[in-house]
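The values are calculated or read from the model by the stated rules, or taken from the named source; none is laboratory data. The model shown is predicted, which means the values in this text are computed figures rather than measured ones. Here Cβ is always computed from backbone atoms with ideal geometry, including for glycine, and neighbour counts include all displayed protein chains.
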């Protein structure tokens, strides 16, 4: 009888251990089955609506500015080599008016600068050069429009995250002071929230920084084309005057 009792107890422990192991495996599989989006959503909710909402707003506004600038810059990008060849051919065959017509039919800042220079071509090469330089500054301002807002969101997103971290740590230490003893379970939730705000702030800044660098590189490429093309236009006009 005693042996039977031990056998039953051993079997019960085995079954209980197996069930616990199975439950642990099921929990691990359930956690693994969650997609990245679901995990990100849960972590975002745990971070709290106050700072996480502001960080999310920075991300949305920053992405809106970045997408608008990328679309504008892509539309402003033209084949400047082909444009210079067309303008040079039009100047040789039909004069300034024909070249102005070519610029009117072409989109982009380089074509606009060419048109302004050709408009002043009748007043001399120096007047055309001044018009090109002045209007080039205007076009550069159009290219850089709203980029400062993007840099602001890049700077403010991690700052908001750090602020959330500091506030979370203050709340954790206030609980310790109120209770009078240090318990990991007591402050773990506040510390987790504090760290999540920092993580999401840094993620927002990294994403927007990638777009910012792409936009700046795109602007630099267009500005270089503008400067090179402006020099070419002045040389064309000087050749025509001769």
Contacts under 8 angstrom Cβ, first residue in region 93-116 being under 21 Å from residue 140 (Cβ atoms), partner not in a helix (DSSP H, G or I), 6 or more apart: 106/78; 107/78; 108/77; 108/78; 110/78; 111/78
Some residue of region 156-164 being surrounded by 15 or more Cβ atoms within 10 Å (Cβ to Cβ), without any contact (Cβ under 8 Å) to a residue 24 or more places away in the chain and either outside any helix (DSSP H, G or I) or in the same structural domain as residue 74 (by TED's automatic domain parsing) (or both): no
